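Worksheet: the structure to be examined is printed underneath.
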Amino acid sequence: MARQGDKSPEKIGQQARRMQEARKHPVESPLRGVSVFGMIGWSVALPTVLGAFLGVWLDKTTQSDISWTIALILGGLALGILIAWSWMEKERNRR
């Protein structure tokens with residue numbers, strides 16, 4: 001006597017084939033693009049803003065001819081771009 005929820009071998013085979021096909025050809029979610037855009041934005045913005053805060057603090061605490069704020073904003077921007085580029089390369093190689 002078959003219990004409710006039991007499947008025939010044919011149904012199990014069909015389901016297995018559908019699952020294999022879905023793994024071979026995954027469907028990209030539209031939200032994936034938004035999340036990638038956000039990740040890249042944060043990876044650039046966060047080091048830049050942190051560099052600005054650190055630069056302002058250094059300018060206030062040290063007497064230097066160098067503008068630490070500008071230098072660390074540019075350094076944070078460069079670091080953020082490198083992080084974003086590295087992350088994008090990993091995503092491209094994952095596919």
Only residues in the stretch 54-77 that are farther than 26 Å from SER43 by Cα count as the first member; pair them with residues that are assigned to a loop (DSSP other than H, G, I, E, B) and open to solvent by 60 Å² or more (accessible area, probe 1.4 Å), Cβ under 6 angstrom, at least 6 apart or cross-chain, and list the lot. none
Failed condition for ILE81, given (1) part of a helix (DSSP H, G or I); (2) more than 25 Å from ARG94 (Cα to Cα): (2)
Do you know which residues across the stretch 9-46 are outside any helix (DSSP H, G or I) and of a type in the set (Ser, Thr, Tyr)? SER29
Can you say whether LEU46 is closer than 25 Å to GLU91 by Cα and free of Cβ contacts under 8 Å to residues at least 12 places away in the same chain, as far as the supplied structure shows? no
Of PHE53, PHE37, the only residue that is out of contact with any helix residue (DSSP H, G or I) (no Cβ under 8 Å at 6 or more places or on another chain), modelled with pLDDT of 95 or more and either at positive phi or open to solvent by 100 Å² or more (accessible area, probe 1.4 Å) (or both) is PHE53
Tally the residues that are loosely packed, with under 10 Cβ neighbours inside 10 Å and either among the aromatic types (Phe, Trp, Tyr) or part of a helix (DSSP H, G or I) (or both), restricting the search to the stretch 61-78. 1
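The values are calculated or read from the model by the stated rules, or taken from the named source; none is laboratory data. Quick caveat: nothing in here was measured; it's all calculated off a predicted structure. Note that each Cβ is placed from the backbone with ideal geometry, even for glycine, and that neighbours are counted across all protein chains shown. Ligands, DNA and RNA are excluded from the accessible area calculation, which covers all protein heavy atoms including side chains. Shrake-Rupley method; radii C 1.70, N 1.55, O 1.52, S 1.80 Å.
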